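Report on the following structure.
Every read-out reported here was derived from the displayed coordinates using simple, explicitly stated rules and does not represent laboratory data. Nothing here was measured: the structure is a model prediction, and the numbers come from that model. A quick note on method: Cβ atoms are made from the backbone with ideal geometry, for glycine too, and the neighbour counts reach across all protein chains shown.
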Amino acid sequence: MARFQISLRGVDALIEKIGRVRTLQALRAPAQRAVSRVVRFMADYPPVPATSKYIRGGPDSERLGQSWNEEVKVSDSQLEARAGNNASYGPWVQSAEWQAWMHRGRWQTDEDAVETLSPVIEADFTRTIDDLLR
């Protein structure tokens, strides 16, 4: 799945004000909200096509929507937030790079998540940083 990074203004000033460790700890909450947003976005199933004979969630299904997971790690030097999927077929359904033809235009992709959610995620971080700088 795609990796993306956002650049945040005010982080250096916040580090100067409260220190690196406290800054990273303070940014954990918006990072957690960010990965939760991505997971909710990606786990949402589109409607089944009217002509489809495929039955979702059969006994052998890995359940794509339920295979999404999230992790936020904070150390003294780094904040890392990850959303991922353990379903073996996930990339063929939701990766913009690998998506199979029959899923195009129906299933949201990792690139759709970045395009849709980046402004909301950046705004959340910015609001948190601005609040802490006050």
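Here are the numbers for this structure:
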{"read-out": "Compactness of the chain - radius of gyration and Dmax, Cα, Å", "value": "17.8, 60"}
{"read-out": "Cα-centre dipole for the stretch 44-98 with unit charges at Cβ (Lys and Arg positive, Asp and Glu negative), debye to 20", "value": "320 debye"}
{"read-out": "Estimated FRET transfer efficiency (I55, H103; beta-carbon r; R0 22 Å; 0.05)", "value": "0.85"}
{"read-out": "Within a Gaussian network of the chain (alpha carbon springs, distance under 10 Å), most fluctuating of P49, P30, P91", "value": "P49"}
{"read-out": "In range of the label at D12: residues from the stretch 62-82 whose backbone nitrogen is under 20 Å from the point 7 Å along Cα→Cβ", "value": "77-79"}
{"read-out": "Net charge contributed by nearby residues that have their C-beta within less than 13 Å of Q25 (K/R +1, D/E -1)", "value": "+3"}
